[in-house]
1. Residues of segment 9-51 being of a type in the set (A, V, I, L, M), within 19 Å of D72 (Cα to Cα) and assigned to a loop (DSSP other than H, G, I, E, B), which ones?
2. Would you call G54 assigned to a loop (DSSP other than H, G, I, E, B) and within 14 Å of N83 (Cα to Cα)?
3. So is E88 in a loop (DSSP other than H, G, I, E, B), open to solvent by 60 Å² or more (accessible area, probe 1.4 Å), among the acidic types (D, E) and on the phi < 0 side of the Ramachandran plot or not?
4. Would you please name the residue that is nearest to S21 (Cα to Cα), looking only at residues in segment 100-110 that are open to solvent by less than 60 Å² (accessible area, probe 1.4 Å) and in a strand (DSSP E or B)?
5. Any idea which of V78, V113 is of a type in the set (A, V, I, L, M, F, W, C), without any contact (Cβ under 8 Å) to a residue 60 or more places away in the chain and either open to solvent by less than 50 Å² (accessible area, probe 1.4 Å) or within 25 Å of Q1 (Cβ to Cβ) (or both)?
6. Give me the pairs, please: first residue somewhere in segment 39-55 and closer than 14 Å to G108 by Cβ, second residue anywhere and outside any strand (DSSP E or B), beta-carbon distance under 6 Å, and either six or more positions apart or on two chains.
7. Go through the residues of segment 9-27 one by one and say whether even a single one is more than 19 Å from V113 (Cα to Cα), more than 15 Å from the chain's Cα centre (by Cα) and open to solvent by less than 40 Å² (accessible area, probe 1.4 Å).
8. Quick check on segment 64-85. Is at least one of its residues assigned to a strand (DSSP E or B) and under 18 Å from A100 (Cα atoms)?
Amino acid sequence: QVQLVESGGGLVQAGGSLRLSCAASGIAFRFYTMGWYRQAPGNERELVAGITSGGNTNYADSVKGRFTISRDNAKNTVYLQMNSLKPEDTAVYYCRGTLAINNYWGQGTQVTVSS
């Protein structure tokens, strides 16, 4: 059974930091491209950051320089370090794993940034 389990969300003041984690099981994690997405109320889900199996990364323009995605293949975990958080970063953050036709999502973790 495939599971992606996010953790690390919460309430933080503007300017603060959070680190999200996504622990994967049931997949050959090291081969998967992993991504963090977010969805705010009334908005579509959007890509925040992605990391390939080879470690190449990409970021949404809105988070460049503030967020860092990384992965630990030994722990089957992908991380999102979020610094200098802004109220507009408030959303449910989802982890996604993709490989060919395989596509898995986590259940999401809420991040709320107060002004």
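1. Scanning segment 9-51 gives I27, A28.
2. Working: assigned to a loop (DSSP other than H, G, I, E, B): yes; within 14 Å of N83 (Cα to Cα): no.
Answer is no for this residue.
3. Spelling it out, it is not the case that E88 is in a loop (DSSP other than H, G, I, E, B), open to solvent by 60 Å² or more (accessible area, probe 1.4 Å), among the acidic types (D, E) and on the phi < 0 side of the Ramachandran plot.
4. Ranking the candidates gives T109 first.
5. Values: V113 fails: without any contact (Cβ under 8 Å) to a residue 60 or more places away in the chain.
Step by step, each of V78, V113 is checked, and only V78 is of a type in the set (A, V, I, L, M, F, W, C), without any contact (Cβ under 8 Å) to a residue 60 or more places away in the chain and either open to solvent by less than 50 Å² (accessible area, probe 1.4 Å) or within 25 Å of Q1 (Cβ to Cβ) (or both).
6. If the second residue must be outside any strand (DSSP E or B), the pairs left are Q39/R45; V48/A60; V48/V63.
7. Yes, that holds for at least one residue.
8. Residues of segment 64-85 assigned to a strand (DSSP E or B): 67-72, 77-82.
Okay, now just the ones that are also under 18 Å from A100 (Cα atoms), so none.
No, segment 64-85 contains no residue that is assigned to a strand (DSSP E or B) and under 18 Å from A100 (Cα atoms).
The values are calculated or read from the model by the stated rules, or taken from the named source; none is laboratory data. All values derive from a computational prediction rather than experimental measurement. Cβ: placed from backbone, ideal geometry, glycine included. Neighbour counts: every protein chain shown. Each accessible area value is taken on the protein alone, full model and side chains, heavy atoms only, with ligands, DNA and RNA left out. Shrake-Rupley method; radii C 1.70, N 1.55, O 1.52, S 1.80 Å.
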